[in-house]
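Take a look at the structure below.
The values are calculated or read from the model by the stated rules, or taken from the named source; none is laboratory data. Everything quoted here is computed from the prediction, not taken from an experiment. Neighbour counts are summed over all protein chains in view; Cβ atoms, including those assigned to glycine, are modelled from backbone coordinates with ideal geometry.
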Amino acid sequence: MYNNTIIVRQLGLQCWKKIFNLMEDFTISRNKNTLDELWCVQHYPIFTLGRLSQEQDLIFSNKIEVIQTNRGGRITYHGPGQQIIYLLIDINRRQITPRKLIQLIECTVLSTLQHFCIKAHLIKEYPGIYVDNKKICSFGLRITKGCSLHGFALNINMDMSPFLQIYPCGNRNIKMTQLIEFKKKVNIINVTSILLKQIINLLNIKTVYYEYMLND
């Protein structure tokens, strides 16, 4: 039953710290009977540092907050127009390894972009999804108590200039891009619906409950 059902939360535009704290609380308090959840959210501008981040990853910060987090990876930027999906998944219960979960994210984003006739690809040495060798999607996870938190961020229709203030993923050679550069009339709502459809199919979910808010 528990592996066949998931809760999808549409959270809109939120402060990163608020969602991070709620995500942590959810993971700490969950038990073997807690349903898995997908949180769809956009964040106000913020730079987040993964556990592998280094001081030189940040070139400068022009009034954008920089915050350390406990996810994998290095530095990235979040802002309005970027769709983030946090995967709060009991991977032990689903018998999914962390690597399999990453592959699920990769398949989800690649299939979604293909739906919009955008040919995307992987680069073996650098995690993420790329179009024309430019990064369009970043991801970073944390596994605790056999459960995942954090997730992936797909650039759709956003102000890309803050990416110039960092070396994305700590790599000065990575250039960033977004979906609207390849599909001019893209709608973030439509993109998100395709992303969710792909994840739900890959997880073999039969029942989906939709929620539109979180309690503090």
Matching residues, region 47-71, being part of a strand (DSSP E or B) and surrounded by fewer than 19 Cβ atoms within 10 Å (Cβ to Cβ): L58, V66, I67, Q68
Residue in region 183-206 that is among the β-branched types (V, I, T), assigned to a strand (DSSP E or B) and either surrounded by fewer than 17 Cβ atoms within 10 Å (Cβ to Cβ) or at pLDDT 95 or above (or both) present: no
For L22: the one exception among (1) out of contact with any Leu (no Cβ under 7 Å at 6 or more places or on another chain); (2) surrounded by 14 or more Cβ atoms within 10 Å (Cβ to Cβ); (3) part of a helix (DSSP H, G or I): (1)
Verdict on S111 being free of Cβ contacts under 8 Å to residues at least 12 places away in the same chain, hydroxyl-bearing (S, T, Y) and not in a strand (DSSP E or B): no
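For the structure I just gave you, tell me whether Q83 is polar (S, T, N, Q) and either part of a loop (DSSP other than H, G, I, E, B) or over 17 Å from the mean Cα position of the chain (by Cα) (or both).
Working: polar (S, T, N, Q): yes; either part of a loop (DSSP other than H, G, I, E, B) or over 17 Å from the mean Cα position of the chain (by Cα) (or both): no.
In short, no.
Among the residues of region 45-67, is there at least one that is acidic (D, E), within 17 Å of I200 (Cα to Cα) and more than 16 Å from the chain's Cα centre (by Cα)? I'd like the intermediate steps shown before the answer.
Residues of region 45-67 that are acidic (D, E), as a first pass: 55, 57, 65.
Cutting the leftovers down to within 17 Å of I200 (Cα to Cα) gives us none.
Scanning region 45-67, I find no residue that is acidic (D, E), within 17 Å of I200 (Cα to Cα) and more than 16 Å from the chain's Cα centre (by Cα), so the answer is no.
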Qualifying residue in region 25-41 (condition: under 24 Å from K175 (Cβ atoms), of a type outside the set (F, W, Y) and surrounded by 17 or more Cβ atoms within 10 Å (Cβ to Cβ)): no
Which numbered condition E106 misses (of (1) acidic (D, E); (2) in contact (Cβ under 8 Å) with a residue 12 or more places away in the chain; (3) within 20 Å of L52 (Cα to Cα)): (3)
